[in-house]
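See structure below.
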Amino acid sequence: MRAKRASHDPGHGLGDVDGLLRSHGLRRTPQRQATLEAIAELSGHATAEQIAERVRRRLPTVSASTVYRTLGSLERVGALCHAHLGHTASVYHVGRAGLHQHLVCERCGALREVEASVTAGFAGELRRRFGFHANFTHFAVLGECRSCAARRPRSPGTPAGRRRGARH
């Protein structure tokens, strides 16, 4: 399954990447620039392999391992983050970690970004009950989008809009 393009989040902008890099003792090299641009061009959510392929189109002498190291360094400074959107390879996107969560439809591959406040209550409950400080920046919630759920076949005699087993 390939995730469809998500609605764009303003937190995904390249913003002041130069300032962010400088604050960590790094500079914007051609490899870093090409990597950031590749992610942005690939709809903001791309696998390391897709990013490496795009970077190598622009800079043919750059090895895939250089791109992977670049992804790691850019993530460490907060210029991008990665997420696991199901049973596929991790995807990277430009922006600060923790700004949003991902909802992925297992039927059609639709990807929806939602604000991090959606998981804030759950994170608080994990802290209160278990002393566990959850990091929700690398996961997605898998399920079924509204459109696919509406198209799901209903068993005969089940009224429209009511699911089997639902109670009033």
_P(r), alpha carbons of the range 98-148 - 10 Å bins starting at zero, rounded %_ = 26, 44, 24, 6
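Per residue, how big is the convex hull around the C-alpha atoms of the range 12-95? Give it to me in cubic angstrom, could you?
On the way: hull volume 6.6 nm³, N = 84.
Cα convex hull per residue, to the nearest whole number: 78 Å³.
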*For ASP18 and SER43, FRET efficiency with R0 = 41 Å and r from the beta-carbon atoms, rounded to 0.05?*
0.95
_Distance (nanometres) between label positions extended 7 Å along Cα→Cβ at SER117 and ALA150_ = 2.6 nm
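We did not get these values from a lab; they are worked out from the coordinates using the rules stated. Please read these numbers as outputs of a predicted model, since none were measured by experiment. Cβ sites come from the backbone with ideal geometry, for glycine too, and all protein chains shown count toward neighbours.
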